[in-house]
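For reference, the structure discussed in these notes is given below.
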Amino acid sequence: MTTPKTNPWQTLQTTQVYDTPWISVSHHDVITPAGDEGIYGVVHYKNRAVGVIPYQDGMIWLVGQTRYPLDRYSWEIPEGGCPLGEDLQDCALRELKEETGISAGTLIPLFESHLSNSVSDEWGIVYLATELSFGQSNPEATEDITIRKVSLETFFEEVEAGQITDSLSVTACYKLMLMKSQGTL
């Protein structure tokens, strides 16, 4: 793999347009790689995305909730935002417990991903959680979550059918199926 040594984009001016505790949006006047003047909007995330797949005996647990920006219900792996000062594994365990009531004895990092790198700097990591124990969930006030236990095969079928579209969940599904085919799951 070859990587260019210099960035062909030139930034002429940056203006912050919007800022919240979670994201900021900036407008950039730029010179494109072709040498033309242009504009670019960038969404900066102030948290890291953390997902976790609770897995036991060929089964996983999904969470469902309405996602406001899409105005639709979404089935996905438990996930949330990890503040910059919080340890990623601690956040994964916290999100898993909050959203499902499940605690994990073991967390294995599966992959890292930039979630929408054409317009944002959002970065995420997904863990596999095993050695599970079960308790009460305690979702945040912004979450109205349903929990569903499904087989890995059902998860895969729903991803393939376009019923599960969350990027971390889709990537996690394919990663688990690859691990299963290689005998490492």
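FYI, it's all coordinate maths here, none of it is from the lab. Computed from a predicted structure; not experimentally measured. Cβ: placed from backbone, ideal geometry, glycine included. Neighbour counts: every protein chain shown.
In this simple spin-label approximation, residue 30 and residue 123 carry label points 7 Å from Cα along the Cα→Cβ vector, and these lie 1.9 nm apart. Classify the chain: rounded, prolate or oblate, from the alpha-carbon gyration tensor (a ≥ b ≥ c, eigenvalue square roots; a/c under 1.5 rounded; otherwise prolate if a/b is larger than b/c)? Prolate is the answer for the chain, as a/c is 1.5 or above and a/b outweighs b/c. Charge tally for residue 86 (other residues, Cβ to Cβ under 11 Å; Lys, Arg +1; Asp, Glu -1): -1. For the chain, the number of Lys pairs separated by eight or more positions or lying on different chains, with C-alpha atoms closer than 24 Å, is 5.
Scanning the chain for cysteines with no neighbouring cysteine C-beta under 4.7 angstrom from their C-beta gives 173. Near residue 61: Cβ cut-off under 10 Å, other residues only, Lys/Arg at +1 and Asp/Glu at -1. The net charge is +1.
What angle, in degrees between 0 and 90 and rounded to the nearest 10, separates the Cα long axis of helix 167-181 from the longest principal axis of the Cα atoms of the chain? It is inclined by approximately 50 degrees. Give the shape of region 1-75 as rounded, prolate or oblate, defined through the alpha-carbon gyration tensor: a ≥ b ≥ c are the square roots of its eigenvalues, a/c under 1.5 means rounded, and otherwise the shape is prolate if a/b is larger than b/c and oblate if not. It is prolate, given that a/c is not under 1.5 and a/b is the larger ratio. Counting only DSSP H runs of at least 4 residues, each contributing -39500 (n - 2.57), and dividing by the residue count of the chain, the helix-based mean residue ellipticity at 222 nm comes to -6500 deg cm²/dmol. Amide H contacts of residue 128 (H built 1.01 Å from N, in plane; Pro and chain starts excluded): 53, 108, 110 sit under 5 Å, all sequence-distant by 5 or more or on other chains. For the chain, the longest piece that avoids every one of the trypsin sites (Lys or Arg not before Pro) found in DSSP loops with at most 16 other C-beta atoms within 10 Å covers 47-185. Work through the residues other than residue 147 whose Cβ is under 14 Å from its Cβ and net out their charges, Lys, Arg +1 and Asp, Glu -1. Value of the local net charge: -4. When both region 124-172 and region 44-60 are represented by their alpha-carbon centers, they are found 7 Å apart. Write down the percent of antiparallel bridges among all DSSP beta bridges whose residues are both part of region 2-130, to the nearest 5. DSSP beta bridges in region 2-130 are roughly 85 percent antiparallel. Among 159, 30, 126, sorting on how many other beta-carbon atoms sit within 10 Å of each Cβ, with the fewest leading, yields 30, 159, 126.
Round to the nearest 10 and give me the degree value, 0 to 90, for the angle of helix 88-100's Cα axis relative to the longest principal axis of the chain. Taking Cα atoms only, the helix is inclined about 60 degrees.
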